[in-house]
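Chemist: Below: one structure in structure tokens.
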Amino acid sequence: MNIIVNGQERDVPPKMTVRQLLDELRLDPQRLAIEYNRRYLACDDFCDTRLREGDRLEIVQFVGGG
């Protein structure tokens, strides 16, 4: 199944959740903002949101510094 992540096509298994994708990408869910099909996706929904063919995600990682 194909989805788009930050403008790049990616093949993922059927029924994968957003949280599983983040684990695969080794991203810390607490440091992210995700736009899922042009809508903000709350952190509480990462585990319940299943990816579907053609979904588009924009993932932004917060970086601390000073």
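Chemist: Non-local amide H neighbours of M16 (under 5 Å, H modeled in plane, Pro and chain starts lacking H): which ones?
Modeler: L51
Chemist: Okay, moving on. Each residue of segment 46-63 in order: what ³J(HN,Hα) in whole Hz does its phi give by Karplus 6.51 cos²θ - 1.76 cosθ + 1.60, θ = phi - 60°, with x for Gly and Pro?
Modeler: Values, residue by residue: 4, 6, 8, 8, 8, 6, 10, 3, x, 4, 10, 10, 10, 10, 10, 9, 6, 10 Hz.
Chemist: Still on this structure, please answer the following. Run lengths n ≥ 4 of DSSP H only: what is the helix-derived mean residue ellipticity at 222 nm for the chain, with -39500 (n - 2.57) per run over all residues, to the nearest 500?
Modeler: About -2500 deg cm²/dmol.
Chemist: Oh, and also: Please work out the Kirkwood hydrodynamic radius for the chain, using every pair of different C-alpha atoms, and report it in angstroms with one decimal place.
Modeler: 12.1 Å
Taken together, the values in this text are just the output of simple stated rules run on the coordinates, not laboratory data. What you are looking at is a predicted structure, and each value in this text was computed from that prediction instead of being measured.
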